[in-house]
Amino acid sequence: MDYFQNISYMISHLFLMLFIYSFVTHRYSGRKTIVICFSSFLALNITDCLKLNLFKDSGTCYFFVTLFQIIVTQLTGMLISETRDNRALFMGLTASNYVIAGSISTAIFYIYTQNMLVSLMGGFAIHLAIFGFLFVRIREIWLKCYEREYMKEWWELCLIPVFFYCGFCFLSFFPYTIYDYPETSLGISMFIITMFVSYVVVFRYIESESNRAEIFWKNTMFKTYIKGLESQYHIVEQSEKNLKILRHDMRHYSNMINSLLSQGEYAEIKKITEYIIGVTDDNKVIKYCDNIIIQTILSQMSDKAHSLDIDIWLDVMIPKLLQVSDYELASVIANLLENAIICVKDFDEKEKRYIDAKLHCTPEHLLIQIKNEYEKEIIFDSLTGLPKSKKGNSHGLGMQSVSAFSDKIGGNIGCFCENAVFQIIVYAKF
């Protein structure tokens with residue numbers, strides 16, 4: 001039996017590391033990630049020898065070895081994960097449940113066949129079938145949700161695999177094993193089916209939440225874009241009217257200038273030319289960049305800042321064609337500028353009411369740098385390091401959208417406060 005259990009546990013640990021490797025986004029290179037997973041695989045198998053062979057009759061050894069293996073497994077998922085947060089913990093716990101379902105299937109095969117080879121092959125087939133099904137049907141959905149993190153309830157979701165795992169342990173291994181009471185195998189099988197049905201519901205909920213958030217931000221961005229277009233249209237329309245009036249009146253201005261020239265009234269002529277130049281400048285449409293989506297958003301945000309008597313200094317270098325999605329980048333810029341406007345709009349001192357923004361997007365890199373002064377304390381999230389809204393969980397989604405965009409393009413976000421100036425930088429190298 002010991003020989004059978006050792007191989008059965010080894011197969012389970014193999015698929016456990018395979019699950020974790022396949023269902024998290026990697027922080028390190030493929031080779032380094034494989035080395036970490038293989039090292040954990042060896043640690044799990046070595047400690048199995050303690051509880052299955054050397055101290056097989058010791059309940060204390062079994063408990064502490066199992067606890068150590070749980071810690072190694074979850075730390076492996078957190079270590080190789082790009083995010084190292086509760087999403088990685090959820091997937092690590094979930095992988096443990098999927099694997100324990102295959103292990104129980106191996107035990108049930110042995111109970112009813114009493115053949116070690118057939119049981120091990122049957123258990124391996126169940127492990128492979130579960131992994132293959134989830135890899136084909138779930139992996140793409142999961143990684144999409146994993147990369148676009150808009151949910152706040154991940155800690156609560158982690159309770160689902162925890163309680164399923166405890167249920168499996170108490171039903172199948174502790175204090176009595178399924179080999180001691182084989183008649184419980186039907187109930188345990190139903191429990192496994194319940195787990196898979198529950199996870200289908202959970203993953204559909206996660207996908208639904210992710211899609212809902214994505215649609216919300218797209219609608220928000222399109223609304224901003226449409227407002228920007230309307231603003232641009234009214235500006236252009238009014239400028240055309242004013243310039244038409246100016247062209248119509250140029251004949252009168254020419255006659256006035258000729259009359260003043262003959263009289264030698266050069267100071268009056270200068271006033272007329274300054275007036276004409278002023279009217280022309282006032283009706284000039286500012287072009288920030290060649291990309292119409294970004295141009296529209298910048299015009300809309302610039303108008304909003306000026307309406308609040310906020311100086312906005314824009315250093316823009318954005319071509320017509322971008323390496324990233326026009327709409328996603330526009331949404332990020334709009335979110336960051338709007339946050340800055342909200343921060344400075346209530347300042348009493350005019351010299352503090354400014355926003356300094358550098359927006360560069362080249363074929364080699366993306367750089368977004370926003371600076372503004374602040375007076376109220378800025379609270380940073382302990383996990384993400386990003387500013388956290390004081391208004392509750394329903395707020396702060398704009399910063400989450402910026403974070404999701406940065407993760408998607410493989411970028412980095414840095415925030416810091418220095419000399420009463422808040423600065424946020426988003427940088428990605430293509």
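No value in this document is a laboratory result; all are computed from the given coordinates. Since we're looking at a predicted model, the values are computed, not measured. Using ideal geometry, Cβ is built from the backbone for each residue, glycine included, and neighbour counts are taken over all protein chains shown.
Across the stretch 288-348, C-alpha contacts under 8 Å between residues 6 or more apart give a mean separation that, scaled by the residue count, equals a relative contact order of 45 percent. Arranged from fewest to most other beta-carbon atoms within 10 Å of their beta carbon, F430, F15 become F430, F15. Taking R0 as 56 Å, what's the FRET efficiency between V118 and Q423 from their Cβ-Cβ distance, rounded to 0.05? Once the sixth-power term is evaluated, E becomes 0.30. Stretching the chain fully between F38 and K287 yields a gain of 84.1 nm (0.36 nm per residue, less the alpha carbon separation). K350: net charge of surrounding residues, Cβ under 11 Å, Lys/Arg +1, Asp/Glu -1, itself excluded? That sum, taken over residues with Cβ under 11 Å, equals -3. Sparse packing (at most 16 other Cβ atoms within 10 Å of the Cβ) combined with a DSSP loop state is found for the following trypsin sites (Lys or Arg not before Pro) in the stretch 307-354: K320, K345.
Given their separation in residues at 0.36 nm each and the Cα-Cα distance between them, V162 and E349 gain 61.9 nm when the chain is fully extended. Each of H306, H360 has some number of other Cβ atoms within 10 Å of its Cβ, and from fewest to most they run H306, H360.
Net charge of the neighbourhood of K320, taken over other residues with C-beta under 15 Å away and scored Lys/Arg +1, Asp/Glu -1, is -1. If each residue's Cβ is checked for other Cβ atoms within 10 Å, how do C166, C158 rank with the fewest at the top? So the residues, fewest neighbours to most, are C166, C158. A Förster distance of 51 Å, applied to the separation of the beta-carbon atoms of Y176 and S29, puts the FRET efficiency at 0.70. The modelled label-to-label distance for the pair V197/I70, using points 7 Å beyond Cα in the direction of Cβ, is 2.7 nm.
For Y205 and F380, the FRET efficiency from 1/(1 + (r/R0)^6), where r spans their Cβ atoms and R0 equals 35 Å, is about 0.75.
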